[in-house]
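Notes for the one structure printed next.
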Amino acid sequence: MLALADAHCHLDAKYFPEGAEVVIQRAREAGVVGFAVVGVGETIDSARDAVALARRFPGSVCACVGIHPHDAGGWDDRAVEELAGLARAAEVSAVGEIGLDYHYDHSPRETQRDVFARLIALAREVRKPVVVHTREAADDTLAILEREKARDVGGIIHCFSESRPFATRALDLGFDISFSGIVTFKNALAIQEVAAWAPLERILLETDSPYLAPAPMRGKRCEPAMVAHTARRVAELRGIALDELAAATLANTERRFAKAFA
């Protein structure tokens, strides 16, 4: 059986009322051995829950904590201080997801930029990588990563949906590229080009569950077990065996998150 990692999943109870444990077991049966569980939301609760889950499954789960750009306008200083404390926990492997989203603009853009910069500084302080969300904000995202010296810790461009020039600059900044189910969509030609081109040692796979279920599961609630479909498509695009792709992306995820999955 393949051994895969899901480099980015949201397992909050509001998405999976049956419980994260059930979802993880289904994924294990599909060959998923590692899970980067991301705790972001309107309050600190999602971050707390992600850390608690990593403590319950120390061999297979690491946590990421951050403030999504959608929620950037709703956090006060006290909550940010608690998040900074969580970021120091041994179970936390990265600060994120953080970044910019100019598609929905749920938070003012200036606030998004300020919070993004502040949390890159936190990542540099705790010496952990950054998980970046960017949508319709490519130039500002790269500019802030450069200005705030994110290269010092590196990280991941999660749910990659940009162009090859963006990928080139991100790779040069020390960031890896993570592909979600979007890469399986028929019209995702630019993303597929990057998936075929990017260095094998710099790519990861993710579900971004419960969103973006890959083909042939589109329209269903996404969950970590479905990362196998994304793996098959990326292997096909690269013209390599699925087991080679799985082994490389698992190793890349372990390296990036400094976490050995059992």
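Coordinate-derived values only; no laboratory data. This one's a predicted model, so the numbers in the text were calculated from it and none came from an experiment. Positions of Cβ are backbone-derived with ideal geometry, glycine not excepted, and every protein chain shown enters the neighbour counts.
What to note about this one:
- Reachable lysines, given that their alpha-carbon falls under 20 Å from the alpha-carbon of K220 and they are not under 8 places away in the same chain: K14, K186
- Most mobile listed residue (K220, K128, K186) in the chain, GNM with C-alpha springs under 10 Å: K186
- Across the range 220-240, the residues whose backbone nitrogen lies under 13 Å from the label position 7 Å along the beta-carbon direction of A196 are 234-240.
- Contact order, relative form, for the chain: 20 percent (alpha carbon pairs under 8 Å, 6 or more residues apart, mean separation divided by residue count).
- Site pair D152 and M1 shows an inter-label distance of 4.2 nm when each label is modelled 7 Å from Cα along Cα→Cβ.
- Amide H within-cut-off set for A94, under 5 Å, with H built and near neighbours excluded: V65
- Calculated from backbone phi, Karplus (6.51, -1.76, 1.60) coupling profile of the range 216-227 in Hz, x at Gly/Pro: x, 9, 4, x, 9, 5, 7, 8, x, 4, 7, 4
- Two-site FRET efficiency, Y104 against A241, from Cβ-Cβ distance with R₀ of 45 Å, rounded to 0.05: 0.70
- Calculated FRET value between F185 and R26, using beta carbons and R₀ = 30 Å, to 0.05: 0.80
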